[in-house]
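One structure below.
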Amino acid sequence: MPEQTVLEVYRYLPDEETEPRFQSYEITYRDSWVVLDALDHIKTEIDPTLSFRWSCRMGVCGSCGMTVNGEPKLTCETFIRDYNTETIKIEPLAHFPVIRDLVINMQDFMEKLPTVSPWLITDEDKPLEAGEYLQTPAQMARYKRFSMCINCMLCYSACPVYGLNSLFTGPAALALAERYNLDSRDEGTQERSDVVTAHDGIWRCTYVGECTKVCPKDVDPAGAIQMLKLSYALDWAKSLVLPGRGR
Amino acid sequence: MSRELTHPLPRSWWLKRPPYFRFMMRELTSVAVFAYTPLLIWALWSAADAASFSVFYEFLRGPLSVWLHVVVLVLAVYHTGTWIALTPSVLVLWRNDEQVDPNLITGTTAMLFLSVSVGVVWLVLV
Amino acid sequence: MTAKPDKTAPLFWLLFAGGGTASAMLLPAMVFVTGVAVPAGWVAEDDLMALIGNPLTRLVVVSLVFLFLFHWAHRFRYALVDLGFGGLGKQAWLFYGTALAGTGLAGLAALRL
């Protein structure tokens with residue numbers, strides 16, 4: 001039942017060294033172990049200096065994203081048994097500054113998220129007595145997929161456009177903009193357009209498509225961005241034909 | 001904070017993983033689309049008189065033209081395949097509160113491509 | 001962060017998308033005609049000349065040159081950015097200008113009858 005494998009882990013201790021290195025840990029693991037279990041085992045049994053982020057261990061919180069054998073993964077749902085390589089290479093998420101070991105600085109993403117106004121925007125606030133903003137299941141179906149994001153940043157890590165130019169608003173934030181644009185209760189499409197249609201917004205995206213493939217929640221940010229391009233481009237074309245409409 | 005490490009993406013990033021490589025090849029099919037346009041311009045220009053058109057026609061029959069065409073054809077077909085595959089993610093349609101099956105959109109686009117292709121070849125050959 | 005809409009991007013993106021669709025649907029068949037059917041001798045010189053000489057064909061071909069070139073201009077420009085040549089990618093005029101010049105050239109060629 002227990003099996004052996006080697007985890008090759010990216011290490012960087014900023015107080016002691018200036019360059020990162022890889023450290024190998026030989027571990028005995030069980031069939032039911034995910035990568036996060038192995039890291040936990042290393043930290044408690046072998047090397048307490050190893051640092052990494054995690055919280056819920058069930059693919060909901062989005063904290064434990066790391067690069068496993070070159071691919072961005074949530075380590076809490078990535079089983080060791082699925083890798084038949086001799087060693088499994090664990091690195092921090094790509095494209096973010098590394099604070100220590102597998103811990104990255106997510107400041108840039110946290111600053112980008114609110115720029116797309118990811119909340120319901122209405123022209124007028126209804127008085128409380130007027131009740132809820134109602135929505136049918138069919139209306140919800142239009143945006144539901146894009147609302148499943150857990151902010152794990154795997155998509156940013158998979159996106160070479162963001163890797164080359166961190167000014168790019170990026171997959172998760174733009175998908176969230178489309179999530180609200182598609183919401184029947186929302187009237188903020190116009191308000192979001194400054195950020196969404198900026199040069200470093202949707203137009204930066206060249207549809208590499210990897211953001212969608214690595215998303216653990218099946219959000220499809222790549223599709224959301226193309227939908228945004230089409231709808232804003234058609235709005236622009238309409239504004240030529242019918243001047244005075246918006247913009 | 002200056003002790004945080006950054007790892008800039010090397011220019012060779014697209015050679016590191018197969019999906020990235022396929023993406024870059026897809027983008028570079030645009031060079032084939034570009035490369036075909038001088039031929040179209042030459043065709044337009046030469047059709048004005050029989051002498052010029054003979055030069056154009058003989059060029060098309062030469063080995064250089066055939067080899068260039070083979071390269072452009074491979075890239076053009078790859079462009080068509082990827083373009084059709086990506087169509088449903090841009091074109092998200094709803095009918096009676098139900099999303100139109102993306103496979104239906106891909107299938108329809110593929111059928112359109114086949115009929116247009118047959119149409120073009122038929123127009124020229126018949 | 002102050003962001004402002006990119007005013008020209010929707011136009012160039014629509015041209016890119018239009019050109020991409022036109023080339024995806026038509027280019028393989030066109031390349032088949034000029035690269036396979038003609039060398040194989042399936043299309044007579046006179047027939048091909050008559051077809052290309054037809055005013056409607058000429059209008060269609062000029063439109064295709066326009067769309068193909070703007071498709072290339074946008075996609076190739078951003079491919080260069082993705083290849084790490086962001087500076088070159090900033091020179092938008094280089095790409096869209098080439099596309100415009102090529103379209104002009106096609107227009108002039110089409111008028112020579």
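What follows is calculated from the coordinates using simple rules that are stated; it is not laboratory data. All of these numbers come straight from a predicted model, not from anything done at the bench. Reconstructed Cβ throughout: ideal geometry from the backbone, glycine too, with neighbour counts over all protein chains shown.
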**Item:** Helix-only [θ]222 nm of chain A, DSSP H runs n ≥ 4, -39500 (n - 2.57) each, per residue, nearest 500
**Value:** -8000 deg cm²/dmol
**Prompt:** Which one of B:A47, B:A85, B:A110 has the biggest mean-square fluctuation once chain B is modelled by GNM with Cα springs under 10 Å?
**Reply:** B:A47
**Asked** Sorting A:V35, A:V6, C:V31 on the 10 Å Cβ count, fewest up front, what's the list?
**Response** A:V6, C:V31, A:V35
**Item:** Kirkwood hydrodynamic radius (C-alpha pairs) into Stokes-Einstein, chain A, 10 °C and 1.306 mPa s, D in µm²/s
**Value:** 79 µm²/s
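Quick check of the Kirkwood formula: for the stretch A:165-247, what is the inverse mean of 1/r over all pairs of different Cα atoms, in Å?
13.3 Å
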**Item:** 10 Å Cβ neighbours from other chains, averaged over peptide C:59-68
**Value:** 3
**Fill in**
Whole-Å distance linking the alpha carbon centroid of the stretch B:41-117 with that of the stretch A:119-151 is 42 Å
**Item:** In the stretch A:17-116, GluC sites (Glu not before Pro) in a DSSP loop with at most 15 other beta-carbon atoms within 10 Å
**Value:** A:E17, A:E86
**Request:** Grab the Cα-Cα distance for A:D123 and A:S147, subtract it from 0.36 nm times how many residues apart they are, and report the gain in nm with one decimal.
**Result:** 6.4 nm
**Message:** Suppose R0 equals 51 Å. What FRET efficiency, 1/(1 + (r/R0)^6) with r the Cβ-Cβ distance, do A:C61 and C:V36 give to the nearest 0.05?
**Reply:** 0.35
**Fill in**
Averaging 1/r across every pair of distinct alpha carbons in the protein assembly as shown and inverting yields a Kirkwood hydrodynamic radius, in angstrom, of 25.5 Å
**Request:** For the stretch C:1-27 and the stretch A:13-46, write down the distance between their C-alpha centroids in whole Å.
**Result:** 46 Å
**Prompt:** What is the stretch A:11-119's relative contact order, in percent, from Cα pairs under 8 angstrom and six or more apart in sequence?
**Reply:** 25 percent
**Average Cα contact separation per residue, the stretch C:1-92, under 8 Å, 6 or more apart, as relative contact order %** = 41 percent
**Request:** Under 26 Å Cα to Cα from A:K89, which lysines show up? Leave out anything in the same chain fewer than 8 places away.
**Result:** A:K43, A:K73, A:K213, A:K217, B:K16
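Given R₀ = 35 Å, FRET efficiency for A:Y83-B:V100 by Cβ-Cβ distance, to 0.05? Can you show the working numbers first?
Numbers: r = 38 Å, r/R0 = 1.09.
After rounding to 0.05, the efficiency reads 0.35.
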**Request:** Compare A:T87, A:T189, A:T44 in a GNM of chain A, Cα atoms joined below 10 Å, and give the one with the largest fluctuation.
**Result:** A:T44
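What do you get for chymotrypsin sites (Phe, Trp or Tyr not before Pro) in the stretch C:10-65 restricted to DSSP loop and a cutoff of at most 13 other Cβ within 10 Å of the site's Cβ?
C:W42
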**Fill in**
For the stretch C:11-111, inverting the pair-averaged 1/r of distinct alpha-carbon atoms gives a Kirkwood value in Å of 15.0 Å
**Prompt:** Under 5 Å between amide H atoms, partner at least 5 residues away or on a different chain: which partners does A:Y29 have, H built in plane at 1.01 Å?
**Reply:** A:E3, A:Q4, A:T5
**Request:** Select from the stretch A:1-84 those trypsin sites (Lys or Arg not before Pro) which occupy a DSSP coil region and have at most 15 other Cβ atoms within 10 Å, ordered by residue number.
**Result:** A:R30
**Asked** Anyone know which of A:D31, A:D220, A:D186 comes out most mobile in the 10 Å Cα GNM of chain A?
**Response** A:D31
**Complete:** Rounded to 0.05, the calculated FRET efficiency for the beta carbons of A:Q139 and A:E187 at R₀ = 22 Å is 0.95
**Item:** Shielding by partners - mean other protein chain Cβ count within 10 Å, residues of B:50-56
**Value:** 3
**Fill in**
Given 37 °C, 0.692 mPa s and a Kirkwood radius over Cα pairs, the Stokes-Einstein diffusion coefficient of the stretch B:1-52 in µm²/s is 218 µm²/s
**Item:** Within straight-line cross-link reach of A:K238, lysines at Cα separation under 20 Å, skipping those fewer than 8 residues along the same chain
**Value:** A:K229, C:K4, C:K7
**Message:** No solvent, one uniform scatterer per C-alpha: report log10 I(q)/I(0) for the stretch B:12-125 via the Debye equation at q = 0.20 1/Å, two decimals.
**Reply:** -1.18
